[in-house]
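Nothing in this text is a laboratory measurement; each read-out follows from the coordinates by a stated rule. Bear in mind the structure is a predicted one, so any value in this text is a computation, not a measurement. Glycine also receives a Cβ, built like all others from the backbone with ideal geometry; neighbour counts cover every protein chain displayed.
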Amino acid sequence: MGRISGLVPSRFLTLLAHLVVVITLFWSRDSNILACLPLRFTPEEYEKQDTHPLPLCRLVVALSVTLGLFAVELAGFLSGVSMFNSTQSLISIGAHCSASVALSFFIFERWECTTYWYIFAICSALPAVTEMALFLAVFGLKKKPF
């Protein structure tokens with residue numbers, strides 16, 4: 001039981017660290033949007049790159065989807081569905097720790113906006129999909145959560 005109880009606070013802290021970095025990215029997304037634009041651009045191009053919902057390189061859309069997946073993961077974690085599941089905890093710790101580091105570089109190094117989608121797929125979508133699978137297993141198939 002010692003290993004599992006050690007994973008719970010680690011998972012919670014890495015999840016919150018990733019959340020803080022995403023919120024920081026919301027506040028400082030201007031420099032990353034400028035990295036996605038050519039040297040000479042119009043205000044319409046800037047606005048389109050920032051908030052227009054199509055295509056997939058729009059940063060506000062990506063960050064909003066990430067916050068939605070945080071809600072799914074926090075709901076599963078705080079409800080106890082996946083709190084003591086060691087496999088889900090290890091996936092979540094690895095993904096969110098990697099996301100915190102990668103997104104810190106994303107902010108400071110001003111990476112291109114499309115890079116965010118790669119980080120999103122590996123570090124946000126993967127743990128959220130496994131969390132939803134645990135929701136299905138626990139509530140739909142009536143399995144034990146751990």
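Taking the range 105-116 as the range and being surrounded by fewer than 16 Cβ atoms within 10 Å (Cβ to Cβ) and either touching a residue at least 40 places away in the same chain (Cβ under 8 Å) or acidic (D, E) (or both) as the test, the residues that pass are E109, R110, E112, T114. Across the range 96-126, the qualifying residues are those that are closer than 16 Å to I23 by Cβ and either among the hydroxyl-bearing types (S, T, Y) or part of a loop (DSSP other than H, G, I, E, B) (or both), and the one among them that is nearest to the chain's Cα centre (by Cα) is S124.
Taken over the range 117-130, the criterion of being over 20 Å from N32 (Cα atoms) and either of a type in the set (S, T, N, Q) or surrounded by 18 or more Cβ atoms within 10 Å (Cβ to Cβ) (or both) is satisfied by P127, A128, T130. Of a type in the set (S, T, Y) and free of Cβ contacts under 8 Å to residues at least 24 places away in the same chain: which single residue out of S92, S79, S98 fits that description? Being of a type in the set (S, T, Y) and free of Cβ contacts under 8 Å to residues at least 24 places away in the same chain holds for just one of S92, S79, S98, which is S79.
Here is the figure for the range 71-85: residues that are among the hydrophobic types (A, V, I, L, M, F, W, C) and more than 14 Å from A125 (Cα to Cα) total 6.
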